[in-house]
1. I'd like the residue in the range 36-69 that is without any contact (Cβ under 8 Å) to a residue 24 or more places away in the chain and touching a helix residue (DSSP H, G or I) at 6+ places or on another chain (Cβ under 6 Å) and, out of all such residues, is nearest to Gly4 (Cα to Cα).
2. Take the residues of the range 1-42 that are of a type in the set (S, T, N, Q) and more than 9 Å from the chain's Cα centre (by Cα): which is modelled with the lowest pLDDT?
3. Confirm whether Thr52 is in contact with a His (Cβ under 9 Å, 6 or more places away or on another chain) and either in a helix (DSSP H, G or I) or open to solvent by 100 Å² or more (accessible area, probe 1.4 Å) (or both).
Amino acid sequence: NARGAESQMALFTQRIDHRSEHLKSKKKDHGTEKALLDLVGKRKQILDDLRTHDIDRYRAIIGKLGLRK
């Protein structure tokens with residue numbers, strides 16, 4: 001799928017943002033914290049793989065999603 005990485009990154013980023021907002025008010029919600037760390041790890045794996053194989057798509061994705069890398 002040519003756009004698979006882009007859609008996965010957008011979905012992961014949206015879910016990460018949602019869980020981050022939740023944790024701002026519920027600091028002791030360790031289940032959400034664990035889920036957030038898992039999502040960040042999965043997103044990082046996909047980004048690392050994309051950076052290795054297609055640097056132009058990688059740069060386009062991080063630019064479009066506003067990720068700091």
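The values are calculated or read from the model by the stated rules, or taken from the named source; none is laboratory data. This one's a predicted model, so the numbers in the text were calculated from it and none came from an experiment. Positions of Cβ are generated from backbone atoms using ideal geometry, with glycine treated the same way; all protein chains shown enter the neighbour counts. What goes into the accessible areas is simple: the full protein's heavy atoms, side chains included, and nothing from ligands, DNA or RNA. Shrake-Rupley method; radii C 1.70, N 1.55, O 1.52, S 1.80 Å.
1. The extreme case among them is Tyr58.
2. Per the criteria, the residue is Asn1.
3. No, not satisfied.
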